[in-house]
Amino acid sequence: MTGVVTRGVLFVHSAPRAMAPHVESMAGGILGVHVSCDWTDQPAAPGCLRTELSWQAEQGTGARLASGLRGWTHLRFEVTEEPSRGADGERWSHTPELGIFHAAMDVHGNTMVPEDSIRSALDTGGDLMAIRRKLELALGRAWDDELEPFRYAGAGAPVRWLHQVG
């Protein structure tokens, strides 16, 4: 690794069984290591599996992982990348119904809402419901609402750590 190193987690909240080896192959290609995840049943989606993969690699790896998975319509996932020297933390969330959401995160994992999003919400002419809708969109509320049952179902699941080499 030649750039700034950071850490992150790939949470696959639900994936059809047939997709599991493809997820591992894609992640391994990006991380530059062989990936073999501990998949468990996802009680919130019978017939689907879930896994968590913690990684350590160069800045931007979270974006590459999210991009690599975003076109897979039957997948529910989140990717986080911790803040590192010169970069905010980031989170990507994906559901088949909503597509992908991206936000910057602070060191505590809070979503940082850009100033322009707040200004846009305030420029709705005082319509409180419009302000609320715009702020909820900026916070990714719909993605959180949809993913929460899948997150809860994964509490206590095994996590595997991978470090990029080379």
When residues of the stretch 1-34 are filtered for being in contact (Cβ under 8 Å) with a residue 40 or more places away in the chain and either buried (at least 21 other Cβ atoms within 10 Å of the Cβ) or within 25 Å of Arg85 (Cβ to Cβ) (or both), how many remain?
-> 20
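For the condition at pLDDT below 95, crowded, with 16+ Cβ neighbours inside 10 Å and not polar (S, T, N, Q), what is the one hit in Trp72, Trp55, Trp39?
Working: Trp55 fails: at pLDDT below 95; Trp39 fails: at pLDDT below 95.
When all the criteria are applied, what remains is Trp72.
So which residues in the stretch 110-142 are outside any helix (DSSP H, G or I) and in contact (Cβ under 8 Å) with a residue 24 or more places away in the chain? Break it down into steps so the answer makes sense when it comes.
Step one: of the stretch 110-142, the residues outside any helix (DSSP H, G or I) are 110-114, 123-127, 140.
Passing the criteria: Thr111, Met112, Val113, Pro114, Gly140.
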Look through the stretch 143-162, keep the residues that are buried (at least 17 other Cβ atoms within 10 Å of the Cβ) and outside any helix (DSSP H, G or I), and return whichever of them is modelled with the lowest pLDDT.
-> Leu162
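Restricting to the stretch 56-75, what's the tally of residues that are outside any loop (DSSP other than H, G, I, E, B) and under 22 Å from Asn110 (Cβ atoms)? Reasoning before the result, please.
If we filter the stretch 56-75 for residues that are outside any loop (DSSP other than H, G, I, E, B), which is where we start, we get 56-58, 61-69.
From the residues that got through so far, the ones that are under 22 Å from Asn110 (Cβ atoms) too are 61-63, 65-66.
Number satisfying all stated conditions: 5.
Of these, Thr80, Thr51, which one is under 11 Å from the mean Cα position of the chain (by Cα) and under 16 Å from Leu147 (Cα atoms)? Can you show your working first?
Working: Thr51 fails: under 11 Å from the mean Cα position of the chain (by Cα).
None of the other options fit; the residue is Thr80.
Of these, Leu122, Leu98, which one is in contact with a helix residue (DSSP H, G or I) (Cβ under 9 Å, 6 or more places away or on another chain), at pLDDT below 95 and of a type in the set (A, V, I, L, M)? Don't jump to the end; show me each part of the working.
Working: Leu98 fails: at pLDDT below 95.
From the options Leu122, Leu98, the qualifying one is Leu122.
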Going through the stretch 1-36 one residue at a time, which ones are under 19 Å from the mean Cα position of the chain (by Cα), hydrophobic (A, V, I, L, M, F, W, C) and assigned to a helix (DSSP H, G or I)?
-> Met19, Ala20, Val23, Met26, Ala27, Ile30, Leu31
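The values are calculated or read from the model by the stated rules, or taken from the named source; none is laboratory data. Here the structure is a predicted model, which means the values were calculated and not measured. Cβ coordinates were reconstructed from backbone atoms using ideal geometry, including for glycine residues, and neighbour counts include every protein chain displayed.
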